[in-house]
Amino acid sequence: MPFVTPSKSTTFIVSAALSLILLPISAQASCSLKQTACEASCKVRYFDDSFGKMGCMTKCTAERAACSTKEGASEAVEKTKDLIDD
């Protein structure tokens, strides 16, 4: 039996459904969970495109770095406020 690859439209539909399912979760999730959801979306969206998948995964990593930096900065501000108040 020959291996049949899914069509681009099927891949798009699955990707859209996955994004809609993960949207409420990722809106409140930690940076790690957001990255995992992003990478899962990349794997579905670029099922048969290695270079597209690598580019998408790179974007996920960059978004994770930005998210972690933002969380770290927020935490530093809170700790500084606590020190000033004491």
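For the range 49-66, a tally of residues being surrounded by fewer than 11 Cβ atoms within 10 Å (Cβ to Cβ) and hydroxyl-bearing (Ser, Thr, Tyr) returns 1. Residue check: is Ile21 out of contact with any helix residue (DSSP H, G or I) (no Cβ under 9 Å at 6 or more places or on another chain) and at pLDDT below 60? Yes: the conditions hold for Ile21.
Results for (1) β-branched (Val, Ile, Thr); (2) surrounded by fewer than 13 Cβ atoms within 10 Å (Cβ to Cβ); (3) modelled with pLDDT of 85 or more; (4) not in a helix (DSSP H, G or I), shown as yes or no for each residue.
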residue	(1), (2), (3), (4)
Pro2	no, yes, no, yes
Ala29	no, no, no, yes
Gln35	no, no, yes, no
Phe47	no, no, yes, yes
Ser68	no, no, no, no
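Of the listed requirements (1) at pLDDT 90 or above; (2) part of a helix (DSSP H, G or I), Ala73 misses just one: (1). For Ala76, state whether it is out of contact with any helix residue (DSSP H, G or I) (no Cβ under 9 Å at 6 or more places or on another chain), hydrophobic (A, V, I, L, M, F, W, C) and under 17 Å from Ala37 (Cα atoms). Answer is no for this residue.
The values are calculated or read from the model by the stated rules, or taken from the named source; none is laboratory data. None of the values given here were measured: they were computed from a predicted structure. No Cβ is skipped: glycine too gets one built from the backbone with ideal geometry, and neighbour counts run over all protein chains shown.
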